[in-house]
Amino acid sequence: MDKTFYNLKRGLIWLLSRLSAILLSVMTILIIYQVFTRYILNNPADFTEEIIRYMLIWTGFIGAAYGFLTREHMSLTLIPDRVNSKSQKRIRVLIDLSILLVALFIIVIGGFKLVHSARSQRSALLGIPRSLVYIVAPISGIFIVLAQIINLWESWTGKKVASKYYEVNQEKRSEDFSFQKVDKTTNLDKNRTSYEGNLD
């Protein structure tokens with residue numbers, strides 16, 4: 001089971017991180033092109049505005065799934081911090097189960113219903129079916145469900161499922177933070193020495 005969840009998490013992190021990066025890169029290129037056509041050519045490309053808006057929606061949903069998978073969403077730990085480890089485990093399981101049910105019934109099932117109801121509607125500028133825009137909701141919902149199954153198993157067993165990609169990033173982030181902390185302390189010491197020297 002550990003190996004299955006490990007491979008699943010590794011594959012999902014690889015896929016979601018690259019999807020988000022591609023979407024953000026294309027959005028950036030389109031924004032630059034829009035600014036260029038508006039202020040340099042004085043002939044704004046209207047179609048880019050709609051594409052950017054839809055890609056922003058896609059990026060938000062895909063990024064949310066990535067956040068659940070890596071547990072990097074903001075969270076309030078006021079109650080878990082005040083209880084013992086056994087109660088913390090129950091709270092984590094309850095939270096992960098609640099997110100799983102919300103993702104399944106609201107984002108996945110509700111998202112498919114939204115896609116079905118919008119299949120005859122078309123966007124104003126591009127004329128594409130709105131169902132192509134809304135399909136990201138159930139897709140990201142499926143990713144969130146898979147992420148929460150892994151998170152629920154982690155909370156229940158107390159074992160950490162971490163992909164090699166995620167572990168390397170976490171280690172690098174810790175090293176960067178430590179370096180910044182040391183560098184900041186060093187700069188403070190230098191400024192203090194310089195200030196005391198000027199006083200003398």
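The values are calculated or read from the model by the stated rules, or taken from the named source; none is laboratory data. Since the structure is predicted, the reported quantities are computational estimates derived from the model, not experimental observations. Cβ sites come from the backbone with ideal geometry, for glycine too, and all protein chains shown count toward neighbours. Just the protein is used for accessible areas: all its heavy atoms, side chains included, with ligands, DNA and RNA removed. Shrake-Rupley method; radii C 1.70, N 1.55, O 1.52, S 1.80 Å.
List of remarks:
- Surface calculation, 1.4 Å probe, protein heavy atoms: residue 86 sits at approximately 130 Å² accessible.
- Largest to smallest accessible area among 54, 33 [probe 1.4 Å]: 33, 54
- In the context of the full set of protein chains, residues of region 7-159 present 62 Å² of accessible surface per residue (probe radius 1.4 Å, heavy atoms only).
- Other residues lying with their Cβ under 12 Å from the Cβ of residue 5 contribute a combined charge of +3, Lys and Arg counting +1, Asp and Glu -1.
- Residue-level accessible surface for residue 4, protein heavy atoms, 1.4 Å, Å²: 90 Å²
- Three semi-axes of the equivalent ellipsoid, region 26-173, Cα gyration tensor, whole Å, largest first: 38, 21, 12
- Surface composition of region 99-139: carbon and sulfur atoms hold 70% of the protein heavy-atom accessible area at a 1.4 Å probe.
- Pair residue 4, residue 132: separation of 7 Å Cα→Cβ label points (nm): 3.7 nm
- Once backbone amide H atoms are built at 1.01 Å from N, residue 122 has 130 as its partners under 5 Å, excluding neighbours fewer than 5 places away on the same chain.
- Cross-link pairs exceeding 18 Å in C-alpha to C-alpha distance, out of 9/86; 3/89; 9/113; 9/89; 9/159, comprise 9/86; 3/89; 9/113; 9/89.
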